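All remarks here apply to the structure that follows.
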Protein chains: 2
Amino acid sequence: MGRIPPATVKRLCFYLHLLERLKKEGKEYVSSKELAERLDLTDTQVRRDLVYFGKMGKRGMGYEIEKLIKELRKILKIEKPRRAILIGAGNLGTALLASPFFRKRVEIVAAFDADINKVGRRIHGVPVYSDCEISRVVREMGIKIAILTTPPDVAPDIAGILINAGIQGILNFTPASIKSPPGVFIHDVDLTMELEYLSFFVEEE
Amino acid sequence: MGRIPPATVKRLCFYLHLLERLKKEGKEYVSSKELAERLDLTDTQVRRDLVYFGKMGKRGMGYEIEKLIKELRKILKIEKPRRAILIGAGNLGTALLASPFFRKRVEIVAAFDADINKVGRRIHGVPVYSDCEISRVVREMGIKIAILTTPPDVAPDIAGILINAGIQGILNFTPASIKSPPGVFIHDVDLTMELEYLSFFVEEE
DNA sequence: ATAAAATAGTGATTTTTTTCACAAGGTCAA
DNA sequence: TTGACCTTGTGAAAAAAATCACTATTTTAT
Ligand SMILES: NC(=O)c1ccc[n+]([C@@H]2O[C@H](COP(=O)([O-])OP(=O)(O)OC[C@H]3O[C@@H](n4cnc5c(N)ncnc54)[C@H](O)[C@@H]3O)[C@@H](O)[C@H]2O)c1
Ligand SMILES: NC(=O)c1ccc[n+]([C@@H]2O[C@H](COP(=O)([O-])OP(=O)(O)OC[C@H]3O[C@@H](n4cnc5c(N)ncnc54)[C@H](O)[C@@H]3O)[C@@H](O)[C@H]2O)c1
């Protein structure tokens, strides 16, 4: 399949979400032109992105929405929602667990927290374990993806435990920077940074 | 100052956060080489990014951390934390309001919600108003930035109200897509998408 | 059946971004 | 003061990404 530019992967996610909206609206086909317009891209770019994965469109018609959704889900490896664990059931972690939209897309099989008041309970249906059990659960269940929402100071240690237990992808919401060995993919999401990024483009009062 | 590549702006945020950590550690100077190593970039790229804004380094020495922090904060227009409002004090909105790290970087002057049980109260110190008052407050206080954490279905309408009232930047956490007129900058953050993006790079179980 | 309209796919080109290679300063120890 | 050593800043080159211009199909209206 060749090397896919990360920018393309990001756009695939956008395509997928838009396609699902269009499907709900009852549409069957969509053209690269329409996708491009709705996502503020060029139609050529949409086609280039999609053709990385083979010819998926129908000339004169566009792309079959249902089929393209299936294809994109396969490419992104989310045909079935992926199993993941969440470490740190605090404000942000709980918000994620509470979000039906989020929960529909990923199967969070367990949460972990150091707070003994939380351990043993369920939060929005997800069982909360002690952080001492991370390693065991990850191994036993063969989990590959972890969502990290602990305080930043413990994040590197927890990340070490996760990687050691066989986790291969970490969605890191903490501002701590995490060193990853080859084969482990860290994706940092820093909400504070997103605001600062926005600020650059907005004139001051 | 010329046109700055968005990728550079994103990296400026990374530099800033790392520099602040280094400052706390008591360091005075840092080289592009070290910045690059810690952020998984090349030293040339760090220097290229910084030199867009003038010569800020000292040959043989590196960059003066304190001075560079000041400079970056000026470039990102966050010398003083920017004033912003938050619409939708639900799970995610409340998590943001609860985060000291987030609150240190942006001054959230008001929250808005349609739920009358929330209106009139304070959440983590921030007063909650009815969504009917958005327009008035934005105008009176001259707010330019809004954080949107409502359910997706009302997001486009709220965005319309915000833009009409003079908001120039929206940090949109909803999966709804928001059309912006020229002069208004929408920055979409879709936490679900971040997970799907990560999934692409992680082998399936 | 035919022509007009729509639309995907693609080689070539352009634009943008990143990296290379190195000159120009500066530090620091002896 | 000298010379070895760093580190920035930058023109040129390379690489990557996006766009253009066009071809090949397919649909649709007549
Ligand atoms: N809340 C936000 O909106 C927001 C915004 C930006 C960044 N962040 C970052 O996200 C992370 C979480 O933020 P939060 O607001 O949810 O914090 P929080 O304090 O509400 O939650 C952290 C949770 O982690 C748990 N924890 C502590 N040590 C642990 C350990 N060793 N193992 C497992 N769990 C442990 C705590 O008990 C707590 O429940 C922080 O790193 C924060 O900087 C949060
Ligand atoms: N919670 C998450 O972690 C998460 C993850 C991914 C995406 N999101 C998105 O973020 C948004 C918020 O998620 P949430 O989990 O906080 O939802 P939520 O339902 O907990 O919160 C939404 C809040 O918006 C308020 N609201 C409704 N209509 C309003 C209006 N017209 N004006 C002002 N406020 C109004 C509600 O009263 C509620 O307090 C959603 O669009 C969701 O899809 C959230």
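Quick note: the coordinates plus some simple rules give every number you see, no bench work behind them. Bear in mind that the values here come from a model prediction, so they are computed numbers and not experimental data. Every residue, glycine as well, gets a Cβ built from its backbone with ideal geometry; the counts of neighbours run over all protein chains shown.
Structural remarks
- Evaluated with a Cβ-only charge set (Lys, Arg +1; Asp, Glu -1), the range B:82-194 carries a dipole of roughly 540 debye about its Cα centre, given to the nearest 20.
- Acute angle (nearest 10 degrees) that the helix B:6-24 long axis makes with the longest principal axis of chain B, alpha-carbon atoms: 70 degrees
- Value of Rg/Rh across chain A [Cα atoms, Kirkwood radius]: 1.02
- Qualifying trypsin sites (Lys or Arg not before Pro) in the range B:1-66, DSSP loop, other Cβ atoms within 10 Å at most 12: B:R3, B:K55, B:R59
- Axis proximity, chain B to A: residue whose C-beta lies nearest, plus whole-Å distance: B:A95, 2
- Among A:S32, B:S99, the order by Cβ neighbours within 10 angstrom, fewest to most, reads B:S99, A:S32.
- Greater than 30 Å apart at Cα, pairs in A:K24/A:K77; B:K10/B:K179; A:K70/B:K118; A:K27/A:K104; A:K10/A:K118; A:K118/B:K144: A:K70/B:K118; A:K10/A:K118; A:K118/B:K144
- Among B:C132, A:C13, sorting on how many other beta-carbon atoms sit within 10 Å of each Cβ, with the fewest leading, yields B:C132, A:C13.
- For the range B:6-74, the relative contact order is 39 percent, taking Cα pairs closer than 8 Å that sit 6 or more residues apart in sequence and dividing their mean separation by the residue count.
- Taking each residue as 0.36 nm, the span from B:K33 to B:R3 lengthens on full extension beyond its C-alpha to C-alpha distance by 8.3 nm.
- Around B:K58: net Lys/Arg minus Asp/Glu count, Cβ-Cβ under 10 Å: +2
- Long-range HN-HN contacts of A:S31 with modeled amide H, under 5 Å: A:Y63
- Base-10 log of normalised Debye intensity for the range A:1-65 (one unit scatterer per alpha-carbon) at q = 0.17, 0.20, 0.23, 0.25 Å⁻¹: -0.55, -0.77, -1.02, -1.19
- The alpha carbon gyration tensor of the range A:82-194 gives principal lengths a ≥ b ≥ c with a/c below 1.5, which makes the shape rounded.
- Viscosity 1.306 mPa s, 10 °C: Kirkwood-radius Stokes-Einstein D of the protein assembly as shown over Cα pairs, µm²/s: 70 µm²/s
- Relative contact order (percent, whole number), chain A, Cα cutoff 8 Å, 6+ residue spacing: 13 percent
- Relative contact order for the range A:82-194: 23 percent, from Cα pairs under 8 Å spaced at least 6 residues apart, divided by residue count.
- Sum of side-chain charges, A:I170 neighbourhood, beta-carbon under 12 Å (Lys, Arg +1; Asp, Glu -1): 0
- Centre separation in Å (Cα based) which lies between the range B:75-110 and the range A:164-205: 18 Å
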